[in-house]
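Each remark here refers to the structure printed beneath this line.
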Amino acid sequence: MTSSTIIPADARARATSPSPFLRVAMLLAVLMLPCQARSLRAQMTAGRTAVLTDSTSSSARTRDLDVLSIGLEYVPSPGLGSFFEQYAMLGGRVNSLDPFIMPTATFRLASHGPVRIVLTGSYAYGSFTDVFGLRDTSETAGGTASLVEQFDAIAVPLMGGIEYTPVAAQFSSYVGAVGGLSVNNVTWTTNVREQTFALFYRPMTNLKGLGLGPAFRIYAGIDLRFDGYFSEGSPFRGIFLEGSYLALPVRRNYFAAVRLGGKGLPTVPSEDGATMNLGGLTLTLGLNLQFVRR
């Protein structure tokens with residue numbers, strides 16, 4: 001015979017009904033459902049916004065923008081070429097042009113992928129002043145002459161070429177080569193301040209006038225972009241730093257006048273023509289502006 005235990009009805013009711021703690025927890029859960037739903041919707045919206053923002057920023061970073069670079073190019077040692085070798089035969093003491101800084105403007109036009117089409121122009125001004133004396137060794141008295149040489153050369157090179165950027169990033173390096181023509185103007189005068197021997201003579205104007213010559217530049221640089229350079233509507237891209245070799249030869253008949261009209265000179269140049277390079281190794285620092293072609 002199986003024994004059984006009879007549970008009172010009120011005990012069964014107490015066993016099947018939730019405890020007061022559980023009731024409170026269930027009530028709080030029900031009350032928090034709308035808040036949780038709103039939070040979930042906000043998180044989903046923020047996630048979609050973040051994805052869109054990242055996508056937009058990435059697109060803006062990687063899309064091709066036309067760039068205008070405005071800089072100052074420092075030329076520390078201009079004046080290479082055959083000019084100063086011939087100039088020394090006239091008694092000159094200077095063997096190079098004075099260092100100078102020239103303004104530059106470069107358009108870097110987006111083309112295909114990492115390659116840009118480059119158009120650039122600059123304004124170069126090189127000069128020197130030389131003061132020296134000459135002694136006439138052909139006379140017994142030994143006359144002397146004091147001379148002041150003033151040389152000024154201006155060149156405006158206009159060049160075009162290509163530029164290659166291997167990796168597109170906020171800080172990226174690039175290399176390029178450009179070539180073209182240079183319009184130049186040279187003025188070289190000689191002022192004889194004192195002379196004590198009669199047979200000495202130097203023309204006052206050795207050379208003056210316009211000319212045309214080639215121009216070539218190879219360079220490597222770093223494009224340092226601002227943090228917000230990809231922001232829509234911002235024209236400021238960043239700064240750039242370039243090192244280059246600039247070939248800016250100015251070939252003229254510098255010594256034709258002195259060879260033809262000079263008198264009493266100890267030695268004279270062997271030929272009329274010579275070349276002077278207004279360029280050389282250079283360093284450029286500047287600002288990059290960016291534009292979107294519509």
**Qualifying residue in segment 168-176 (condition: over 20 Å from Y74 (Cβ atoms), at pLDDT 95 or above and either assigned to a loop (DSSP other than H, G, I, E, B) or not hydroxyl-bearing (S, T, Y) (or both))** = no
**Request:** For L72, state whether it is modelled with pLDDT of 95 or more and assigned to a loop (DSSP other than H, G, I, E, B).
**Result:** no
**Residue that is surrounded by fewer than 17 Cβ atoms within 10 Å (Cβ to Cβ) and either closer than 21 Å to N185 by Cα or outside the structural domain of G264 (by TED's automatic domain parsing) (or both), where the choices are S122, S77** = S77
**Fill in**
Of the residues in segment 150-167, those that are outside any strand (DSSP E or B) and over 17 Å from G243 (Cα atoms) number 2
**Leading residue by the ranking (modelled with the lowest pLDDT) among those in segment 99-118 that are more than 18 Å from V292 (Cβ to Cβ) and over 15 Å from the mean Cα position of the chain (by Cα)** = P114
**Fill in**
Residue hits (segment 177-206; touching a Lys or Arg at 6+ places or on another chain (Cβ under 9 Å), hydroxyl-bearing (S, T, Y) and modelled with pLDDT of 95 or more) are T187, T189, T190
**Prompt:** Just wondering, is there one or more residues in segment 206-228 that are surrounded by fewer than 19 Cβ atoms within 10 Å (Cβ to Cβ), within 21 Å of D130 (Cα to Cα) and among the hydrophobic types (A, V, I, L, M, F, W, C)?
**Reply:** no
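Here's the yes/no breakdown for (1) surrounded by 15 or more Cβ atoms within 10 Å (Cβ to Cβ); (2) of a type outside the set (V, I, T):
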site: E149; (1), (2): yes, yes
site: A155; (1), (2): yes, yes
site: L158; (1), (2): no, yes
site: G161; (1), (2): yes, yes
site: V167; (1), (2): no, no
site: V178; (1), (2): yes, no
site: L181; (1), (2): no, yes
site: L199; (1), (2): no, yes
**Criterion violated by L248 - all others in (1) over 19 Å from the mean Cα position of the chain (by Cα); (2) of a type outside the set (K, R); (3) crowded, with 19+ Cβ neighbours inside 10 Å satisfied** = (1)
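The values are calculated or read from the model by the stated rules, or taken from the named source; none is laboratory data. Small disclaimer: the values here were computed from a predicted structure and weren't measured. Please note: Cβ atoms are built from the backbone with ideal geometry, for glycine as well, and neighbour counts cover all protein chains shown.
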